[in-house]
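Enquirer: Below is the structure I would like to discuss, written out as structure tokens.
The values are calculated or read from the model by the stated rules, or taken from the named source; none is laboratory data. Nothing here was measured: the structure is a model prediction, and the numbers come from that model. Cβ placement follows ideal geometry from the backbone for every residue including glycine, while neighbour counts extend to all protein chains displayed.
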Amino acid sequence: MREGVPITHRPSPITEVDRAIERAVDWLLAHQYPEGYWWGELESNVTITAEHLFFTHILGIGSPELWERIARYILSEQRPEGFWANWYGGPGDLSTTVEAYLALKMAGLDPESPPLRKARAWILAQGGVERARVFTKIWLAMLGEWPWEATPVLPPELVLLPEWFPVNLYAFASWARGTILPLAILRVLKPVWPLPPQARIDELFPRGRANADYSLPRKKSAWGHFFYGVDKLLRVYERRPIRSLRRLALKRAEEWIVARQEADGCWGGIQPPWVYSLLALYALGHAPESPVLARGIAGFARYAIEDERGFRLQSCISPVWDTGLATLALLDAGLPPDHPALVRAGNWLLSQQIFVGGDWQVRCRARPGGWAFEFDNDRYPDTDDTAVVMMALQGIALPERAKKFALERGLEWLLGMQSKNGGWGAFDRDNTKSFLREIPFADFGELLDPPSADVTGHVVELLGRLGYRRGFRPLDRALRYLLREQEEDGSWYGRWGVNHLYGTGAVLPALRAIDFPMDDPRVRRAVDFLLSRQNPDGGWGEDVLSYHKKELRGRGPSTASQTAWALLALLAAGEARSEAVRRGIAYLVAAQRPDGTWDEPYFTGTGFPTDFMIRYHLYRHYFPLMALGRYRRALEER
């Protein structure tokens, strides 16, 4: 059954659910890698792939064949209106469309071809390239299509500032510091790798280049005005820098970057710091054949996907996350703890635990012991993956000594990463200097990693599964944080998933795990929120624009993953025999494909709210399986 089609029948409580669970389990087992992990595509928008084309041009390592495959993929994502969006069904994004347009021109597409004519008309109707975001203009500056002077100043001296200084490198989130520092090098060196004449984009300047608006984005807040003034002062220093200090800053910045390259060649396991680090080092004189650049270039192969649509690059990869959640789903489905697939997954997860230091140690004294999102990202383990992996390991039959050690070290690290307000951020502790969002550079994404309800919910659920209850100080602090974060409508915000369905789907199971009373008025408000958002077809969905529009919270076309999140929350709240849960389960059973999985074109994962959205290709599978398994178990327990 396709999403949005009303359910016309109701499955019997056990038999049809049993069959759906069996099909889903079979599908998941068939897609496990021999090493024990699961790994699905992490789909984003076309900018990642367009920028890969720019990158290969700059380093001189592109080829007509690669660029043709990139162009084929980018064209496959163009909307009929001529634009490119940041998520399925989303509105057109100017910067994404500009980058796609440029990549297609560089690949040799005729500017008068229908795709480029339509894209050009749409770009000009939005104000042209002048209205693009700062990141896009930095790429254009490197390609000679935008003046470097019309980008915000980023002094590499930032790397020299002490940690106690209000603005220092470690005040930014892990992904932001890994991006800002190489960009600071590029901003100082101002390299230009010009395009051939036929690829230039004069036509995207509505009034021509000579009359273009080259001013920086202005923010209306007091901090925005302050940082705009700071940018002016930095431009004065830029013209007459202290040369010895500038040389020292560039040297330290280069050393900082090189020291943070991972074993597979990446930086932070994510494209922006990775590609900018390579470009900065290239601008500093590192050749493509040098060990650090060669390793970094080769590492992209693991992130690349080629199929009938062409070549595309993932912004990140999620094998640890996928494996932890797939394991939990199989456990919820009733697989025994000693099932060979679970044991293989458990052993692989044990091998991924990180025992080396990273930037998180700036504010945390705990010993290492967490897990990262990717295959190789030892410097940046995250609390969300760590909590999920530990819950998965807890349920698998593994050698007791090894499992006990892994859980103890993981817990020590997690507790050390708790922020002062009681919550957990993903990668850093107390990364909360919100005024930094007002710097001119920050017109895209998120520069900070403050605690969030969804991550904190996963950690609290882990603590409950480990046997901790109220009276344990870290848990008490976390509970107070979660209750403070509840919205007026009863929901919780979802930082890393869309959106209030994700946040609420993380918090209510956490409260249940610590024996928080499910008849508490705050729980009932959350239940009422979910009940009020159920769609006529029995499912749940939430539009990405709910990040900006309150009226869209919990509202949107039904999806398998978001229906599962709502069901996990309702099941935790004791609603297993409610009509709403029965209808939600019926939706999942009827929407399941014959091969055992579900269709889901919607982007239900979040990188940066609305700026960078993610479609996890396995979300549509393991979350529904969790919901079906917990539903069956709840009925059996009753």
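Enquirer: Could you tell me whether any residue of region 220-229 is more than 30 Å from residue 299 (Cα to Cα) and of a type in the set (A, V, I, L, M)?
Expert: Yes, region 220-229 has at least one match.
Enquirer: Go through region 50-89 residue by residue and tally those that are closer than 21 Å to residue 117 by Cα and among the polar types (S, T, N, Q).
Expert: Residues that pass the stated criteria total 3.
Enquirer: Looking at region 351-363, which of its residues are touching a Phe, Trp or Tyr at 6+ places or on another chain (Cβ under 8 Å) and over 14 Å from residue 174 (Cα atoms)? Can you show your working first?
Expert: In the first step, residues of region 351-363 are kept if they are touching a Phe, Trp or Tyr at 6+ places or on another chain (Cβ under 8 Å); the result is 352-354, 358-360, 362-363.
Those that are touching a Phe, Trp or Tyr at 6+ places or on another chain (Cβ under 8 Å) and over 14 Å from residue 174 (Cα atoms): 352, 353, 354.
Enquirer: Identify, please: which residue in region 190-210 is part of a helix (DSSP H, G or I) and in contact (Cβ under 8 Å) with a residue 40 or more places away in the chain and is, among those, nearest to residue 286 (Cα to Cα)?
Expert: That would be 199.
Enquirer: Out of 218, 187, I need the residue that is part of a helix (DSSP H, G or I) and of a type outside the set (A, V, I, L, M, F, W, C). Which one?
Expert: 187
Enquirer: From (1) charged (D, E, K, R); (2) under 30 Å from residue 69 (Cα atoms); (3) surrounded by 15 or more Cβ atoms within 10 Å (Cβ to Cβ), pick out the condition that doesn't hold for residue 308.
Expert: (3)
Enquirer: Let me ask you something else. List the pairs whose first member sits in region 550-576 and is at positive phi, whose second member is assigned to a helix (DSSP H, G or I) and surrounded by 22 or more Cβ atoms within 10 Å (Cβ to Cβ), and whose Cβ atoms are under 6 Å apart, counting only residues at least 6 apart or on separate chains?
Expert: 554/500; 554/501
Enquirer: I'd like to verify a number: residues in region 319-359 that are assigned to a loop (DSSP other than H, G, I, E, B) and either within 21 Å of the chain's Cα centre (by Cα) or not charged (D, E, K, R) (or both), how many?
Expert: Within region 319-359, residues that are assigned to a loop (DSSP other than H, G, I, E, B) and either within 21 Å of the chain's Cα centre (by Cα) or not charged (D, E, K, R) (or both) number 13.
Enquirer: Can I ask one more? Tell me, which residue of region 236-276 that is of a type in the set (Ser, Thr, Tyr) and surrounded by fewer than 23 Cβ atoms within 10 Å (Cβ to Cβ) is nearest to residue 291 (Cα to Cα)?
Expert: Checked region 236-276; the qualifying residue nearest to residue 291 (Cα to Cα) is 244.
Enquirer: Let me ask you something else. Please count how many residues of region 164-193 are hydroxyl-bearing (Ser, Thr, Tyr) and touching a strand residue (DSSP E or B) at 6+ places or on another chain (Cβ under 8 Å).
Expert: 1
Enquirer: Please find, within region 45-66, the residue that is surrounded by the fewest Cβ atoms within 10 Å (Cβ to Cβ) out of those that are hydrophobic (A, V, I, L, M, F, W, C) and touching a strand residue (DSSP E or B) at 6+ places or on another chain (Cβ under 9 Å).
Expert: Once the filter is applied, the top-ranked residue is 66.
Enquirer: Restricting attention to region 571-592, which residues are among the basic types (Lys, Arg) and under 15 Å from residue 18 (Cα atoms)?
Expert: Residue satisfying the conditions is 582 alone.
Enquirer: Let me ask something else. What about residue 553, is it over 15 Å from residue 606 (Cβ atoms) and either of a type in the set (Lys, Arg) or not assigned by TED's automatic domain parsing to the domain that holds residue 478 (or both)? Steps first, answer last, please.
Expert: On the way: over 15 Å from residue 606 (Cβ atoms): no; either of a type in the set (Lys, Arg) or not assigned by TED's automatic domain parsing to the domain that holds residue 478 (or both): yes.
So residue 553 fails the test.
Enquirer: Can you list the helices (runs of 4 or more DSSP H) lying wholly within region 534-638 that have 3 or more residues being under 21 Å from residue 524 (Cα atoms) and in contact with a Phe, Trp or Tyr (Cβ under 8 Å, 6 or more places away or on another chain)?
Expert: 560-572, 579-591
Enquirer: Checking the conditions here, which among 102, 143, 186 is of a type outside the set (S, T, N, Q) and closer than 30 Å to residue 429 by Cβ?
Expert: 186
Yes/no per residue for (1) buried (at least 24 other Cβ atoms within 10 Å of the Cβ); (2) of a type in the set (A, V, I, L, M, F, W, C); (3) in the same structural domain as residue 371 (by TED's automatic domain parsing); (4) touching a residue at least 60 places away in the same chain (Cβ under 8 Å):
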residue: 438; (1), (2), (3), (4): no, no, no, yes
residue: 441; (1), (2), (3), (4): yes, yes, no, yes
residue: 445; (1), (2), (3), (4): no, no, no, yes
residue: 457; (1), (2), (3), (4): yes, no, yes, no
residue: 466; (1), (2), (3), (4): no, yes, yes, yes
residue: 481; (1), (2), (3), (4): no, no, yes, yes
residue: 490; (1), (2), (3), (4): no, no, yes, no
residue: 501; (1), (2), (3), (4): yes, yes, yes, yes
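Enquirer: Moving on to the next point. Go through region 131-164 and count every residue that is touching a helix residue (DSSP H, G or I) at 6+ places or on another chain (Cβ under 8 Å) and part of a loop (DSSP other than H, G, I, E, B).
Expert: 13
Enquirer: While we're looking at this one, here's another question. Within region 92-110, how many residues turn out to be loosely packed, with under 15 Cβ neighbours inside 10 Å and touching a residue at least 24 places away in the same chain (Cβ under 8 Å)? Before the answer, list the steps.
Expert: Within region 92-110, the subset loosely packed, with under 15 Cβ neighbours inside 10 Å is 108, 110.
Imposing the further condition that a residue be touching a residue at least 24 places away in the same chain (Cβ under 8 Å) reduces the set to 108.
Counting residues in region 92-110 that are loosely packed, with under 15 Cβ neighbours inside 10 Å and touching a residue at least 24 places away in the same chain (Cβ under 8 Å) gives 1.
Enquirer: Here's another thing I want to ask about it. Do we have residue 289 as in a loop (DSSP other than H, G, I, E, B) and either buried (at least 21 other Cβ atoms within 10 Å of the Cβ) or at pLDDT 95 or above (or both) here? Outline the logic, then answer.
Expert: Values: in a loop (DSSP other than H, G, I, E, B): yes; either buried (at least 21 other Cβ atoms within 10 Å of the Cβ) or at pLDDT 95 or above (or both): yes.
Against the criterion (in a loop (DSSP other than H, G, I, E, B) and either buried (at least 21 other Cβ atoms within 10 Å of the Cβ) or at pLDDT 95 or above (or both)), residue 289 qualifies.
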